[in-house]
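As structure tokens, the structure follows; a few thoughts come after it.
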Amino acid sequence: MHSHRSGLTGFRSLFAAIPARAGKIPRPLQIHHPKPPASSLPIQRQAFGGVIQNGGRQFHSLGPLRSGASNPAMAFPCLDALETRSATLEARSDSTGPEPSYTAGATLKYHCKEPLLLDWGGTLREFDIAYETWGAINADKSNVILLHTGLSASSHAHSTDENPQPGWWERFIGPGLALDTDKYHVICTNVVGGCYGSTGPSSVDPADGQMYATRFPILTIDDMVKAQFRLLDGLGIDKLYASVGSSMGGMLSLASGVLFPDRVGRLVSISGCARSHPYSIAMRHTQRQVLMMDPNWNRGFYYGRVPPHAGMKLAREIATVTYRSGPEWEQRFSRRRADPSKPPALCPDFLIETYLDHAGEKFCLTYDPNSLLYVSKAMDLFDLGRENRLATAARRAERRESIRAGIQPTATDAACSLTLPERPYEEQPGVVEGAAETVAPPGQGPPEDLVQGLAPLRSHPALVMGVASDILFPAWQQREVAEALKMAGNRDVVHYELSEEQSLFGHDTFLLDVKNVGGAIRKFLG
């Protein structure tokens, strides 16, 4: 194991095709589009029979008014923009590949050569963890804070000498701030499964030298935490002063304490949860579906080709709806249209539509689509309840026994693929059998299963924060965490819930509210 500094280069080792594996993963389609010469860019369009041709690619056009038609065809500039981007990506040289370089700048990188056995049976033979640090570490390494990220964030939480660009938590890290670098040594990592330097689907599989793509194994939040603690092992850090995180990072923070209770001093979980609930699962599922339905996704084997940027854009627009609040948008956009002087359009027209469109445009080429699928699925699988933890331990024990016996999973194993239910879903009146064991009736507090699952945290000082305007991780989930910790015997739990009067920013409050969120963290950490 070793640690070294590197500049992230995204994925540069590109390949034209990935061999089929045991008949289960199809060979990527070899589709060859005529490419315009470089001199033809910027794209020149020529009307031809109701379509516009650009090299070998066709675009829909407005077209002439047909004789006898009542109205002219509507223009769709939003679709023109998508098609233009596809053509531009396709025209890029084969030497660099059409997809962007997913990078957040220079980081530290830790390479672990010891295999990482994953909760659902997969294995990473070796892996990288990209990380960045701020503040000096003291002599006995007792002042370390591990900062966990949200779904699509990199390790670049704050600017560094190597990467002076502002980080995603720039105003929360520094001398005298929430994470006071005069007191603490702060470490932030890109999670395993991501694309900003840590091993993920866009990384090269050491077994065959080709990118994992969707041969990458299913991950859990616990798997991400275990990889992070491999990094801490490599850095010689035995115990954290604190584990801090928001959103998915709030999940990671709690999981760190549950998995390594003797190695975590105190916990901060902001706008997080101890188990994913159906609404958040549904919203992430919808994002994955629109991404996977983009033909360019190609079952995950799009590296070296045009990436599924249209699906990524739509997925981000759906996500953005869950990140902010209705009251904020009412104040910010109301029902105003971008240009009231023009007739309504089916492309973005209202200000809120143009806002979502812009959010999708900014994101669609800055994050690897496969990473979005894997990391969001890990969030859906998250459950710190006792029953889930026992089931996970049993699976891992069975997998270790198989490894000792020399039995390797094959592509035909049910665990390696998703399966549809044998019967279509039907509405089931009444209580589903077994549900009462894990879901408490409203007003009766957290279920006993969750209380027992959080029992390892009974002696850890904990700060739990929620936001009333958050619809993705609603405030009742943070109340549930705080109450479950107290019922498990923890007498040092601080719980704050910001009202709508304090914050209208919904789930994104943790990124924006330096006064309330940052102030509470600073006070708690001391």
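The values are calculated or read from the model by the stated rules, or taken from the named source; none is laboratory data. Given the structure is predicted, the values throughout are model-derived calculations rather than measurements. Cβ sites come from the backbone with ideal geometry, for glycine too, and all protein chains shown count toward neighbours. Protein only, heavy atoms only, side chains kept; ligands, DNA and RNA dropped before computing areas. Shrake-Rupley method; radii C 1.70, N 1.55, O 1.52, S 1.80 Å.
Residues in segment 361-409 that are open to solvent by 30 Å² or more (accessible area, probe 1.4 Å) and in contact with a Lys or Arg (Cβ under 9 Å, 6 or more places away or on another chain): 361, 362, 365, 377, 383, 388, 409.
What are the residues in segment 82-105 that are at pLDDT 70 or above and over 14 Å from residue 363 (Cα atoms), if any? Within segment 82-105, 83, 84, 86, 87, 88, 89, 90, 91, 92, 105 meet the criteria. Do we have any residue at all in segment 242-256 that's of a type in the set (A, V, I, L, M, F, W, C), open to solvent by 10 Å² or more (accessible area, probe 1.4 Å), out of contact with any His (no Cβ under 7 Å at 6 or more places or on another chain) and not in a loop (DSSP other than H, G, I, E, B)? No, segment 242-256 has no match at all.
Looking only at residues of segment 195-218 that are touching a strand residue (DSSP E or B) at 6+ places or on another chain (Cβ under 8 Å) and either of a type in the set (Lys, Arg) or under 22 Å from residue 250 (Cβ atoms) (or both), we find that the one that is least open to solvent (accessible area, probe 1.4 Å) is 198. Could you say whether any residue in segment 312-319 is open to solvent by less than 20 Å² (accessible area, probe 1.4 Å), on the phi > 0 side of the Ramachandran plot, at pLDDT 95 or above and under 19 Å from the mean Cα position of the chain (by Cα)? Among the residues of segment 312-319, not one is open to solvent by less than 20 Å² (accessible area, probe 1.4 Å), on the phi > 0 side of the Ramachandran plot, at pLDDT 95 or above and under 19 Å from the mean Cα position of the chain (by Cα), which makes the answer no.
Of all residues in segment 257-280, those that are open to solvent by less than 10 Å² (accessible area, probe 1.4 Å), more than 30 Å from residue 236 (Cα to Cα) and part of a helix (DSSP H, G or I) total 1. You will find that of 131, 184, the residue that is within 20 Å of residue 222 (Cβ to Cβ) and open to solvent by less than 30 Å² (accessible area, probe 1.4 Å) is 131 and no other. Of all the numbered requirements in (1) part of a helix (DSSP H, G or I); (2) over 17 Å from residue 79 (Cβ atoms); (3) among the charged types (D, E, K, R); (4) in contact (Cβ under 8 Å) with a residue 12 or more places away in the chain, residue 330 misses one, and that requirement is (4).
Conditions tested, residue by residue: (1) out of contact with any Phe, Trp or Tyr (no Cβ under 8 Å at 6 or more places or on another chain); (2) not in a loop (DSSP other than H, G, I, E, B).
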residue: 121; (1), (2): yes, no
residue: 130; (1), (2): no, yes
residue: 137; (1), (2): yes, no
residue: 147; (1), (2): no, yes
residue: 151; (1), (2): yes, no
residue: 156; (1), (2): no, no
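For beta carbons closer than 7 Å, sequence separation of 6+ or different chains, a first residue in segment 281-297 that is surrounded by fewer than 17 Cβ atoms within 10 Å (Cβ to Cβ) and a second that is of a type in the set (Lys, Arg), there are no qualifying pairs.
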